[in-house]
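What follows is a single structure, written as structure tokens, with notes after it.
Nothing in this text is a laboratory measurement; each read-out follows from the coordinates by a stated rule. What you see is a predicted model; the values in this text were computed from it and never measured. Methodologically, a virtual Cβ is constructed for each residue, glycine included, from the backbone with ideal geometry; neighbour enumeration extends over all protein chains shown.
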Amino acid sequence: MVGEGGVMERVGVVGCGLMGAGIAEVCARAGMDVVVVESSEVAAAAGRMRLAKSLERAEAKGRIESASEVLGRLRLATELDALADREIVVEAIVEDEAAKTDLFRKLDEIVVSPTAIFASNTSSIPIMKLGVATSRPQNVIGVHFFNPVPVLRLVELVPSLLTSTDTTERARALVEGVLGKKAIDCQDRAGFVVNALLIPFVLSAIRMLESGFATAEDIDQGLVLGAAHPQGPLALADLIGLDTTKAVAESLYEEFKEPLYAAPPLLARMVDAGLLGRKSGRGFYTYA
Ligand code: NAI
């Protein structure tokens, strides 16, 4: 049921990196009016390029009729003031608590509608911390998309203890009814459902490699051919980014203090070395 505020049409996205661009794209493809805010002109230009390339690929594959029509619904800006009239704002900036709480504080001052939803795509920062940075924590919710956003159907909905049912149900109506995704409900705990299960699995594979038990190729082949996974855990870590994998492991460890969430030394050393996976060209595998 959609309560006060009705179906949302005007969305704001803050951050136009890997995730923000994907979120902005799926919203514009669903017919929404999208304003994306980046931190500088250079970052906004890079974001616009990222969006245009992705939409052109989607058009070439016949997934959308017209990339330029979808681009027409996307506006890039560098000032948060551009979000004043939004019905929902989805935050997808760096995974840094201070940066995010500062942003939520500013959004609270700028966004006018009292029913506007403030959503965060955070993977590990408690939604409660973002909620209490605003004067309306009942409107703050975690809406956690998966990479690549246009392809993966899942969204985790994460209300905090103070999030209203109306906010949760309006977020669900957007995610399922407008964006065509599938939402699952999780409590406000580090890792939510998917990362709390996936990260210890990836860490176990790294420990297995580190101990010399098997090669990276054999570990990955084992899971692909023996358990029908679409890719092995080490290739997956390279895709997520080893820095991100380590950061999520650390926040899970911080929350639960369980050894299974502790980042193995090999992962820490690889991050120190700048071997971050696909994005740096080398991780457990080398990329052209
Ligand atoms: P990214 O580094 O690709 O993008 C972050 C973007 O935010 C950058 O373009 C940066 O210029 C911009 N930015 C930083 N501070 C800003 C500010 N104050 N105002 C406006 N723009 C700002 O990061 P990515 O991977 O897109 O992650 C974003 C969020 O999504 C993080 O919270 C992350 O934990 C979460 N996430 C990441 C996933 C992944 O697979 N990478 C999956 C699901 C969630």
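Things worth noting here:
- Diffusion coefficient of the stretch 195-278 by Stokes-Einstein, Kirkwood radius over Cα pairs, 37 °C, 0.692 mPa s: 257 µm²/s.
- Within the chain, antiparallel bridges make up roughly 25 percent of the DSSP beta bridges whose residues both belong there.
- Nearest-ten-degree value, helix 97-110 long axis tilted from longest Cα axis of the chain: 10
- The phi torsions of the stretch 200-216, fed into the Karplus equation with coefficients 6.51, -1.76 and 1.60 and a -60° offset, translate into couplings of x, 5, 5, 5, 5, 5, 5, 4, 5, 5, 4, 7, x, 5, 7, 7, 4 Hz, rounded to whole numbers, with Gly and Pro shown as x.
- Here is how the number arises for the chain: DSSP H runs of 4 or more residues each give -39500 (n - 2.57), the sum is divided by the residue count, and the result at 222 nm is -13000 deg cm²/dmol.
- Projected-area mean, the stretch 98-204, by convex hull of Cα positions, square nanometres: 7.0
- Cα lying deepest toward the dipole's positive end in the chain, options F201, V143, T286, charges on Cβ: T286
- 3J(HN,Hα) along the stretch 261-278: 9, 6, 5, x, x, 4, 5, 4, 5, 5, 5, 4, 7, x, 8, 9, x, 3 Hz, from the Karplus curve 6.51 cos²θ - 1.76 cosθ + 1.60 with θ = phi - 60°, whole Hz, x for Gly and Pro.
- Sequence-distant residues sharing a close amide H with L76 (under 5 Å, placed H): V36
- Span from the the stretch 156-187 Cα centroid across to the the stretch 13-61 one, whole angstrom: 22
- Along the stretch 234-247 the Karplus relation, 6.51 cos²θ - 1.76 cosθ + 1.60 evaluated at θ = phi - 60°, assigns HN-Hα couplings of 7, 5, 5, 4, 4, 6, 5, x, 6, 5, 5, 4, 5, 5 Hz to successive residues, with x for each Gly and Pro.
- Amide H to amide H distances under 5 Å link R282 with L276, G277, Y287, where only residues 5 or more positions off or on other chains count and H is placed in the peptide plane.
- The magnitude of the dipole of the stretch 195-278, with charges of +1 and -1 set on the Cβ of Lys/Arg and Asp/Glu and taken from the Cα centre, is near 20 debye.
- GNM flexibility winner over the chain from R207, R86, R269 (Cα, springs under 10 Å): R269
- Extension gain from L18 to K106, taking 0.36 nm per residue of separation minus the Cα-Cα distance: 29.4 nm
- For the stretch 10-185, the equivalent ellipsoid derived from the Cα gyration tensor has semi-axes of 25, 18, 14 Å, listed largest first.
- Taking the centroid of alpha carbons for each part, the stretch 222-269 and the stretch 78-130 are 28 Å apart.
- Residues with amide H under 5 Å from that of S160, placed H, sequence gap 5 or more: G142
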